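J.: One structure, as structure tokens, below. Some questions next.
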Ligand code: RIB
Ligand code: CA
């Protein structure tokens, strides 16, 4: 029985792999893809989502553009990792997948109202679109089964000392989602840095030998190159697909319930997720925090999906 999913993303190298992991696995029914500014300006992230489906040879899934800017802050694209066009590395083909004219909020609304069963939201970028949906469509919130978000961290961040990029880009949106009461799984840097792109991983993906794998290897080479240059990590962490992997196989990551807040006012810490793993403040947990990754199982799922695509 496949699970209906909406992916909200800012492709972005690792977002593309999250999309591919979902498209290639029969347990996931991708009903819609929405885009948000984050890794790049909205025009780039939206174009790149269309390219991800074009390369994979998948059509018939609506893609709509969402927020060009965070709720209360300017867009600050992560060009230092993903490049100016948010998908640095390969020569980008012209997308053959159309852009849906509805916009993200309307597409999410229509997808959820049109579903006979609850829908899972999988955001892999800043939470601007998700927060907007939760705020503007309160009557539909009960029809969201859960949210599985790549963002935050139980430890250090990757933008300054503590903030992780997706939370840092729009802390106010993250705060809305954290307070929403919707079941939320947080896939933070603490687990995503276990999904390292080793030479063995790249070889396994290259050996798939199809168009998707060849394009994917070029993406990984560029991504690892900028991670090495910026963070001294030659084996870059493939963050976003872990969200989809958890939906496919819950055993792929251990989970710890905790109370999580996000800092929205700190001069040095805005966007930092405060994960109270030891319940020091004696509050009810609001988040399933992903902790330990079954690394082999994760990469097996990624490679199985890529194999199933064009
Ligand atoms: O901090 C990592 C996150 O920021 C990932 O989602 C990556 O794609 C960027 O959006
Ligand atoms: Ca992302």
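Taken together, the values in this text are just the output of simple stated rules run on the coordinates, not laboratory data. Here the structure is a predicted model, which is why all the values come from computation and not from measurement. Glycine gets a Cβ as well: all are built from the backbone with ideal geometry, and neighbour counts include every protein chain shown.
J.: Please say if segment 98-232 is rounded, prolate or oblate, where rounded means a/c under 1.5 for a ≥ b ≥ c the square roots of the C-alpha gyration tensor eigenvalues, and otherwise the choice is prolate for a/b larger than b/c and oblate otherwise? Present the calculation step by step, with values, prior to reporting the outcome.
T.: Details: a/c = 2.34, a/b = 1.46, b/c = 1.60.
Oblate shape, in that a/c is at least 1.5 and b/c is the bigger or equal ratio.
J.: Taking R0 as 22 Å, what FRET efficiency do you get between residue 198 and residue 27 from their Cβ-Cβ distance, rounded to the nearest 0.05?
T.: In this case the efficiency is close to 0.25.
J.: Then there's this: State, to one decimal in nm, how far the label point of residue 228 lies from the label point of residue 294, with both points 7 Å from Cα in the Cβ direction.
T.: Label-label distance for residue 228 and residue 294, simple model: 3.2 nm.
J.: If neighbour count is taken as other Cβ atoms inside 10 Å, put 204, 250 in order from fewest to most.
T.: 250, 204
J.: Listing 231, 139 from the residue with the fewest other Cβ atoms within 10 Å to the one with the most, what is the order? Can you show the working numbers first?
T.: Numbers: 231 14, 139 9.
Least crowded to most crowded, the residues run 139, 231.
J.: Looking only at the chain, where both bridge partners belong to it, what percent of the DSSP beta bridges are antiparallel (to the nearest 5)?
T.: 30
J.: Run the numbers on segment 141-244 and let me know its relative contact order in percent, using alpha-carbon pairs under 8 Å that are six or more apart.
T.: On the way: 126 pairs, mean separation 30.5, N = 104.
Rounded, it is 29 percent for segment 141-244.
J.: Right, next: For segment 96-172, what is the Kirkwood estimate of the hydrodynamic radius, computed as the reciprocal of the mean inverse distance between distinct Cα atoms, to one decimal in Å?
T.: 14.0
J.: Given the convex hull over the Cα atoms of segment 2-46, what projected area results after averaging over all orientations, in nm²?
T.: In nm², the orientation-averaged hull projection of segment 2-46 is 2.7.
J.: Still on this model: Given the Cα-Cα distance of residue 110 and residue 207 and 0.36 nm per residue of separation, how much length would full extension add, in nm? Kindly include the intermediate steps, with their values, before the conclusion.
T.: Working: separation 97, 0.36 × 97 = 34.92 nm, distance 3.95 nm.
My answer for the length gained is 31.0 nm.
J.: Next question. Quick one: grab the alpha carbon gyration tensor of segment 48-99, order the square roots of its eigenvalues as a ≥ b ≥ c, and give me rounded if a/c is under 1.5, else prolate or oblate depending on whether a/b is larger than b/c.
T.: Note, shape of segment 48-99 comes out oblate.
J.: Let me make sure I get this right: for the chain, a, b and c are the square roots of the gyration tensor eigenvalues over alpha carbons, sorted descending. Under 1.5 in a/c it's rounded, otherwise prolate if a/b > b/c, else oblate. Which is it? Numbers along the way, then the final one.
T.: Values: a/c = 1.34, a/b = 1.16, b/c = 1.16.
Note, shape of the chain comes out rounded.
J.: Under the 0.36 nm per residue contour assumption, what length would be gained going from the current alpha-carbon distance of residue 72 and residue 282 to full extension?
T.: 72.5 nm
J.: Treat segment 31-154 as a sphere of radius equal to its Kirkwood radius over Cα pairs and apply Stokes-Einstein at 25 °C in a medium of 0.890 mPa s; give the translational diffusion coefficient in µm²/s, rounded to a whole number. Present the calculation step by step, with values, prior to reporting the outcome.
T.: On the way: Rh = 15.2 Å.
In µm²/s, the coefficient is 161.
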